[in-house]
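Here's the structure we're looking at; comments come further down.
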Amino acid sequence: MKILLVAINAKFIHSNLAVHTLCSYAGKNVYREDLEMEIAEYTINQQKDDILRDIYERSADMVCFSCYIWNLTYIESLVHELAKVCPKALVWLGGPEVSYAAEEVLLRLPEVKGVMRGEGERTFAQLCEGSPLDKICGITFRKEDGTICENAWQEPMNLDEVPFIYQDMQEFEHKIVYYETSRGCPFSCSYCLSSIDKRLRFRSLSLVKKELGFFLEQRVSQVKFVDRTFNCSHSHAMEIWKFITEHDNGITNFHFEIAADLLNDEELKLIRSMRPGLIQLEIGVQSTNKKTIREIRRTMDFDKLSQTVETLRHMGNVHQHLDLIAGLPYEDIESFSKSFDDVYRLKPHQLQLGFLKVLKGSYMERKKEEYGLVYKSEPPYEVLYTNWLSYEDVLELKGIEEMVEVYYNSGQFENTLSALEKLFDSPYHIYERLWKYYKEKGFYRIQHKRSARYEIMLNFVKHSFGQKDDNARVEYYRELLVYDYYLRENAKTRPPFAGEYLLGKEEVRKFYEEEAVSRKFLCGYEEYDKNQMRKMTHLEYFPVLEKTVLFDYMHRNPLSYEAYTYEL
């Protein structure tokens, strides 16, 4: 009996924790001599024909697909063709995208034998054993006569029974490593499937510390915790944060999804002591409209969250990623723009403007008629319009999302954007106007080089002034753009928007000759001569800003990746 576990990931750098866990658990708990298991990981960017051929050539008796909102449509198409070329292979689906609409999935896909619902470790192991289907909890399956039968849910797992899948890290080289220390969620957010599972459980800290120690020894670049609200237990979070702080290898970064308003003084004190870049925090705000927050059954104190985010920002050692969701009840375009401004002014490193996805089985899906909530028929079931937000509004927000990604989340325009905030009555209007400018010029249909984005921004600034003869202000913004450009880019070919290089050759030569002797600024360059130092740095004179700046690319901010700078 050969079983193939198939994961179709969104990107090559992703790995699928679920299929590896199922395979490992079954390998340790199923005693069957003829059992053979394989894992096949692909991406949605691959040709379906190539994946179909690979699955066919593996000659499996059972093929199990891990289903999510980003890959379900792809998998369904693949399943139709797989049944034609492997008619004897049993096809099973599992994962959050099929767990709460299992019967509907089986009616839609006659090629599928059954659906594994919810936590799959025990369920998959029993399938591997060949247990009678009517005796296996956690499945919905098709009987021989074609009728569909739905069994009871599996009892929740003790997380200590879940195997640690990372034994040979070569298998996960160049991929994000995902790790789980808890399941379930204490909150009831109406758009989230995690709110369905109230059985909050934690993995024993002794096991967690041993496994984190393995990651640190292996010098893994990033470990991403998949726990839904990592800090919902203060003691659990503190023990883990203390451990990674005390055993920091100077390389590994740990990513956590947290509720910022739950962080207390003890946790903040510990975080303050961490190496810059040791942890990064993803913080879901979703909306700052109090009526919206109540309606989606979310627990959040935005005032407390804001204070905590500000505190973390001033510490300067933690990357923060804040999320908003467009399309929530009682949130019209005016309300959303206020939520945007509220979060933007907290200056996170990343501001994720997402759109409501109406997940099967969620409370939000049950309220769709009341909210006038219309969404796409296919995954990811993204909102089209609501009682409060028109489709035209959604299109505008899509454009603003693109502008935020290009100009804010890239981190490449920080000084320019800070200055632009003084020209507009709100941050939201910067990106609204920028998107309208892109549409007017047809720029949104073009793949732009990075340097071209700076040129567009400079022309947008000129357009915003409405005065072509305001040369002083234009020069001020041009210099800010040049400054932002060289903060990230050690470019030896000068981009057109930067204009003429104002430092003379003799002046630059003299600086590097003196620096090669005095090492006044460039510490750490002792083994390099003046010519090498010149290649590894950049010197720029800004007449309007009234300063000459040395950009040091060997030493960069570990959070923003900006070059260290010295004013001469």
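Considering only residues that are surrounded by fewer than 18 Cβ atoms within 10 Å (Cβ to Cβ) and either under 22 Å from the mean Cα position of the chain (by Cα) or among the small types (G, A, S) (or both), which ones fall in region 257-273?
S273
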field: region 484-531, residues that are at positive phi and in contact (Cβ under 8 Å) with a residue 12 or more places away in the chain
entry: G499, G524
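Using the structure shown, decide if F254 is surrounded by 15 or more Cβ atoms within 10 Å (Cβ to Cβ), among the aromatic types (F, W, Y) and at pLDDT 95 or above.
yes
Scan region 543-563 residue by residue and report those that are surrounded by fewer than 17 Cβ atoms within 10 Å (Cβ to Cβ) and either over 22 Å from N409 (Cβ atoms) or in contact with a Lys or Arg (Cβ under 6 Å, 6 or more places away or on another chain) (or both).
Passing the criteria: P543, V544, E546, K547, M554, H555.
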- request: Return yes or no: is E246 within 18 Å of L159 (Cα to Cα) and not small (G, A, S)?
  value: no
message: Could you list, ordered by first residue, the pairs with Cβ atoms under 8 Å in which the first is in region 328-350 and over 18 Å from M403 (Cβ atoms) and the second is acidic (D, E), at least 6 apart or interchain?
response: L328/E295; P329/E295; Y330/E295; D332/D393; L346/E310
field: Any hit, region 513-527, residues being surrounded by 14 or more Cβ atoms within 10 Å (Cβ to Cβ) and basic (K, R)
entry: no
- prompt: For residues in region 528-542 being surrounded by 17 or more Cβ atoms within 10 Å (Cβ to Cβ) and either among the hydroxyl-bearing types (S, T, Y) or assigned by TED's automatic domain parsing to the domain that holds E475 (or both), which is nearest to L503 (Cα to Cα)?
  reply: Y541
statement: Filter region 1-32 for residues that are assigned to a helix (DSSP H, G or I) and either surrounded by fewer than 15 Cβ atoms within 10 Å (Cβ to Cβ) or aromatic (F, W, Y) (or both); the one that is nearest to the chain's Cα centre (by Cα) is Y25
query: From the residues in region 401-447 that are among the β-branched types (V, I, T) and under 21 Å from Y477 (Cβ atoms), which one is surrounded by the fewest Cβ atoms within 10 Å (Cβ to Cβ)?
result: V406
- line: Those residues of region 377-392 which are closer than 24 Å to Y74 by Cβ and surrounded by 21 or more Cβ atoms within 10 Å (Cβ to Cβ) amount to V383
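Of all residues in region 96-119, count the ones that are part of a loop (DSSP other than H, G, I, E, B) and at pLDDT 95 or above.
The number of residues fulfilling the criteria is 6.
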message: Just to be sure I understand, how many residues within region 76-112 are surrounded by 19 or more Cβ atoms within 10 Å (Cβ to Cβ) and under 29 Å from L159 (Cα atoms)?
response: 11
message: Among (1) over 21 Å from the mean Cα position of the chain (by Cα); (2) crowded, with 18+ Cβ neighbours inside 10 Å, there is one condition V374 misses while meeting the rest; what is its number?
response: (2)
- prompt: Can you find even one residue in region 15-24 that is free of Cβ contacts under 8 Å to residues at least 60 places away in the same chain and out of contact with any Asp or Glu (no Cβ under 9 Å at 6 or more places or on another chain)?
  reply: no
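Okay, residues lined up against (1) of a type in the set (S, T, N, Q); (2) farther than 19 Å from F256 by Cα:
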site: T288; (1), (2): yes, yes
site: E295; (1), (2): no, yes
site: D301; (1), (2): no, yes
site: N317; (1), (2): yes, no
site: Q320; (1), (2): yes, no
field: region 467-519: number of residues that are in contact with an Asp or Glu (Cβ under 9 Å, 6 or more places away or on another chain) and hydrophobic (A, V, I, L, M, F, W, C)
entry: 8
task: Could you please tell me which pairs satisfy a Cβ distance under 6 Å, a separation of 6+ or placement on different chains, a first residue in region 105-125 that is within 15 Å of V91 (Cβ to Cβ), and a second residue that is basic (K, R) and modelled with pLDDT of 95 or more?
output: L106/R142; K113/R142
query: Is it the case that region 158-168 has a residue that's of a type outside the set (K, R), over 25 Å from F214 (Cβ atoms) and at pLDDT below 95?
result: no
message: Going by what's in this entry, would L82 be described as at pLDDT 95 or above and over 21 Å from L35 (Cα atoms)?
response: yes
field: Selection within region 232-252 - assigned to a helix (DSSP H, G or I), of a type in the set (S, T, N, Q) and more than 16 Å from L281 (Cβ to Cβ)
entry: S235
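The values are calculated or read from the model by the stated rules, or taken from the named source; none is laboratory data. None of these values were measured; they are calculated from a predicted model. Every residue, glycine as well, gets a Cβ built from its backbone with ideal geometry; the counts of neighbours run over all protein chains shown.
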